[in-house]
Amino acid sequence: MKLTASPFAQWFVQGDHFSIAVGENCLKLESKKMFETVPFALWDGQCRIRRGIFWGELTLFVSPFDTQARIIRIHGLNWRKLETFAQSLAEHHRLWMDEQKILLKPILPQIDALLAELDDAPYYLRVDDVAQWQSRFHKVLTDYGVSFAVLNAVVPAIHQRALAWLEKPDQARTERNQAWLTETLSIWQPFFDTAESSPLNQSQRHAVLQDESHNLLLAGAGSGKTSVLTARARYLVASGQAQPSEILLLAFGKKAAEELKQRLGQPEMKGIQVATFHSFALETIRKLTGKAPDISHLASEDCSRSAFITLALSEQWQNKTQLNRWNKYFSEWPLPGVDRDGELVKQAHSEKLHQWIWRRLSLLLQQNESMTKVKQNIDSTDKQANAEFGLIAPLVKAYQDVLKKEGTTDFDGLIRQAAKLLQRKHGADVSGIRFIMVDEYQDISPLRMTMLEALCCAKKSRTPSLFAVGDDWQAIYRFTGADVCLTTDFSERFPDGNISYLDTTYRFNNMIGEVANRFVCQNPLQLEKPLNSIKTQKKKAVTVIGEGNEADIMADLSQRHQSASVLIIGRNNSHRPTQLADWQSRFSNLDIDYLTAHASKGREADFVFVVNVDQDVFPPRVRNEAMLDALLPQQDVIEDAEERRLFYVALTRAKEHVWLSCSPDRPSPFVCELIDECYPVLKKLAGLTKRKVQTVLQGEDVELASTNDG
């Protein structure tokens, strides 16, 4: 069936359509420039006719769902034929619609059910959830040979509901999740009020409910991250989203894992998996292979490791060439406590030397590459790093030979083997784990990350969610292989991931926060986040004092407080005050303890003294870590970035007040920065002149500068 303008009429029509015909479920239009096909699905079945002076005109409204609607006019048509033709067009479309309704009838319940899944899902919708839903929706239409345009033509109401999830899924998901969060926060308010010893704040509640495939919760010092971890596990079980056995909480140390277990000790949480990375790797290997590997005594026993290093050094030093290499190295790059005058052989038992060796040996073992490849990764112009590699590489081989002979593995080997097994078997499909939570994520290493990613891999089920809790401001374990970039670059690694914050600290007051938060954020690569103190005051809470004044301040604290905790923090163990035992005895109402800055992580006290905050001490000037710097990720653009984070950790152990104890003649550049940049600190340090401050900040030695001036 076709209606075409006469040749004479076509001459007047010019560029407009002059012919229309009915094809198979479509209209066929013709103009002087083109032929066009309009499927019935894009036409509403309505047409308007208008009589002109000589000819008639037919108007159609075409409304594709993916482009702008438009009007089509066919001119120059015979009026007497046009009326009948228009009626016939409408009848063809009606018959087609009846056929489509019959075709759609069996799948409309499926489409309704699919839409209800999104509307009624009792959980947070992830990006992956919507992507999988889109695939299933299109499959239903494809299986029945129905186009989305047909759905629009036959059941426009359903089409509009689906269109939002197909055209603008991010917007639709955001709006739906926001509505779900509001409703869920209201329904579960009694739970959040009682899940922990104190009601969770709003940022904690939102964190519990957030559930993208990859989630990073930035939790500042004292912000209640453990409460979020345990409350989230309880919520997942109580809401029916998970069985306890489907939840895994990973911690870095046994102590942290035990604390989490104790806080999840309720009967209904029995079966939840709380483990260290190493214990989880061990159990994974046992489960997937039927046999747990044996752990070498070199990995589990300090005394065995020390004996191995002593023996390996003795064997190495029997070779005169090797011994000369060791002596030459320590003559050029001295290690405090290690002889550099040719008597190295007498120090094979040196604990200091053993620590130095083990850090480098561990680093090389973590590289997961042959020693040949590792050497290629070290800049050939880095003389010290290459010298260190030459010393340690033979010890790596000796270590690996022992493990091979024993038929054992070490802790890194556990994680490496578990990761390979999980990668091969699609981790989530064999583990049964659906929710993974990681504590202290800022300490993650690339090797552990490999195991996590393998565990998050699923082929047959919904991808497990990774919920990582950490604080890049407290990333202080780079020397163990930790890579803070896995935290700071989280959004680049997981573009669809979610980053949220705990915005309130319950530990330190706002005046400590004003110093600590501003100080650590001088590194532009640290992630900015709000961290407001629940305790506010106007009185400054960080004081710079001279060395030797600690006892007087403690005496004052002892008189003013019936009981209080005092934590003394030093850069390393050598800074433990010799008067510590005397202070503990004299001020018995004060709970006084000493910890290194690293060991203080996770601890808190009413009052804190950071001692020996001196030049070349905090931060240390010489760290003798060339090979570590050559092989570990280089992520910081500011000098002493990790030491800055370590200083932040020390500052934020205090609830009430921090005293920074230093020598007025050799103050740390950190102390000088606080004073020079007008941080809200009290200065009670005679002899620390503005000139000395500037000398230190310019990187000069204060005593040397004073000598030169003299």
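A short reminder: the numbers here are calculations on the coordinates, not readings from a lab. Quick caveat: nothing in here was measured; it's all calculated off a predicted structure. Positions of Cβ are generated from backbone atoms using ideal geometry, with glycine treated the same way; all protein chains shown enter the neighbour counts.
Grab the Cα-Cα distance for D665 and K28, subtract it from 0.36 nm times how many residues apart they are, and report the gain in nm with one decimal.
Numbers: separation 637, 0.36 × 637 = 229.32 nm, distance 9.31 nm.
Here the answer is 220.0 nm.
With Cα atoms defining each centre, segment 105-169 and segment 570-587 are spaced 68 Å apart in the structure.
I need the peptides 36-43, 229-236 ranked by packing, meaning the mean over residues of other C-beta atoms within 10 angstrom, with the highest value on top.
Values: 36-43: 18.6, 229-236: 23.2.
Highest mean packing first, the order is 229-236, 36-43.
In straight-distance terms, cross-link reach from K538 covers every one of the lysines whose alpha-carbon lies under 28 Å from its own, apart from those fewer than eight places away in the same chain; here that gives K225, K529, K601, K655, K683, K684, K690. For the pair segment 1-66 and segment 363-420, the centres of their Cα atoms are 77 angstrom apart.
Just to confirm a number: summing +1 for Lys and Arg and -1 for Asp and Glu over residues other than L3 whose beta-carbon lies under 13 angstrom from that of L3, what do you get? Before the final figure, lay out the partial values.
On the way: positive: K2, K28, R80, K81; negative: E30, E57, E83.
That works out to +1.
Label separation (E117 vs H138): 1.5 nm, computed from points 7 Å beyond Cα along the C-beta direction. Using C-alpha pairs below 8 Å separated by at least 6 residues, the relative contact order for the chain is 11 percent. Take the Cα of K405, step 7 Å toward its Cβ, do the same at T37, and the gap between the two points is 7.9 nm. Think of the chain as having a plus end and a minus end, set by charges on the Cβ of Lys, Arg, Asp and Glu; of L365, G602, Q318, L365 sits farthest toward the positive end of this dipole.
Below 8 Å, C-alpha to C-alpha, sequence gap of six or more: please give me the relative contact order for segment 510-709 in percent.
Details: 320 pairs, mean separation 59.4, N = 200.
Averaging sequence separation for qualifying contacts and normalising by length gives 30 percent for segment 510-709.
Residue ranges 601-607, 262-268 sort as 601-607, 262-268 when ordered by packing (mean number of other C-beta atoms within 10 Å per residue, highest first). Per-residue Karplus couplings for segment 242-249, computed as 6.51 cos²θ - 1.76 cosθ + 1.60 with θ equal to phi - 60°, are listed in order as 8, 7, x, 5, 8, 10, 10, 10 Hz, Gly and Pro entered as x.
Taking the number of other C-beta atoms within 10 Å as the exposure measure, put K383, K529 in order starting with the fewest.
Working: K383 12, K529 19.
Going from sparsest to densest Cβ surroundings: K383, K529.
Taking 0.36 nm per intervening residue step and subtracting the Cα-Cα distance, what contour gain separates D193 from E369 on full extension? Working shown, then result.
Numbers: separation 176, 0.36 × 176 = 63.36 nm, distance 5.03 nm.
Result for the pair: 58.3 nm of gain on full extension.
Spacing of the modelled spin labels on L311 and K684, each 7 Å from Cα toward Cβ, amounts to 5.6 nm. Is segment 2-104 rounded, prolate or oblate when judged by the Cα gyration tensor, a ≥ b ≥ c being the square roots of its eigenvalues, rounded requiring a/c under 1.5 and prolate requiring a/b larger than b/c? Verdict is prolate for segment 2-104.
About its Cα centre, how strong a charge dipole does segment 264-414 have in debye, to the nearest 20, once Lys and Arg get +1 and Asp and Glu get -1 at the Cβ?
On the way: 19 positive and 19 negative charges, 62 e Å.
So the dipole magnitude of segment 264-414 works out to roughly 300 debye.
In whole percent, what relative contact order does segment 304-408 give with Cα contacts below 8 Å and a gap of six or more residues?
On the way: 59 pairs, mean separation 27.3, N = 105.
Reported as a whole number, the value is 26 percent.
Take every DSSP beta bridge whose two residues both sit in the chain; close to 35 percent of them are antiparallel. Amide hydrogen proximity for D591: with H placed 1.01 Å from N in the peptide plane, the residues at 5 or more positions away or on another chain lying under 5 Å are A564, S565, V566. Charge dipole of the chain (Cα centre as origin; +1 on each Lys and Arg Cβ, -1 on each Asp and Glu Cβ, all else neutral): 1660 debye, rounded to the nearest 20. Counting beta carbons within 10 Å around each of D483, D471 and listing the fewest first gives the order D483, D471.
Given +1 at the Cβ of Lys and Arg, -1 at the Cβ of Asp and Glu and no other charges, the dipole of segment 510-709 around its Cα centre is 760 debye to the nearest 20.
Of the trypsin sites (Lys or Arg not before Pro) found in segment 432-477, those in coil by DSSP whose Cβ has at most 10 other Cβ atoms within 10 Å are K459, K460.
If you wrap segment 304-408 in the convex hull of its Cα atoms and look at it from every side, the mean projected area works out to 6.8 nm². If you count Lys pairs in segment 9-131 whose Cα atoms are under 28 Å apart, skipping same-chain pairs closer than 8 places in sequence, the total is 4.
Rounded to the nearest whole Hz, the Karplus-based 3J(HN,Hα) values (6.51 cos²θ - 1.76 cosθ + 1.60, θ = phi - 60°) of segment 437-447 follow the sequence 10, 10, 8, 6, 4, 5, 9, 5, 9, x, 5, with x at glycine and proline. Comparing the chain with the 2.2 N^0.38 Å rule of thumb, its C-alpha radius of gyration ratio is 1.34 (two decimals). Projecting the Cα atoms of F494, L455, A475 onto the dipole axis of segment 432-495, where Lys and Arg carry +1 and Asp and Glu carry -1 at the beta carbon, places L455 farthest toward the positive end.
Would you list E453, E301 from fewest to most Cβ contacts within 10 Å?
Working: E453 17, E301 13.
Ordered by Cβ neighbours within 10 Å, fewest first: E301, E453.
Identify the residues of segment 265-284 with backbone N under 18 Å of a label point that sits 7 angstrom from the Cα of S245 along the Cα-to-Cβ direction, or state none. Only 267-275, 280, 283-284 pass the distance filter.
Once backbone amide H atoms are built at 1.01 Å from N, K655 has A605, D606, F607 as its partners under 5 Å, excluding neighbours fewer than 5 places away on the same chain. For S445, the residues whose modelled amide H falls within less than 5 Å of its own, excluding neighbours fewer than 5 places apart on the same chain, are D483.
Think of segment 2-104 as having a plus end and a minus end, set by charges on the Cβ of Lys, Arg, Asp and Glu; of C47, A9, L27, A9 sits farthest toward the positive end of this dipole.
Phi angles across segment 281-298 convert, under the Karplus curve 6.51 cos²θ - 1.76 cosθ + 1.60 with θ = phi - 60°, into 3J(HN,Hα) values of 4, 4, 5, 5, 4, 4, 5, 8, 10, x, 8, 8, x, 7, 8, 5, 5, 5 Hz, Gly and Pro given as x. A Förster radius of 60 Å, combined with the Cβ-Cβ distance separating N532 from A581, puts the computed FRET efficiency at roughly 0.95.
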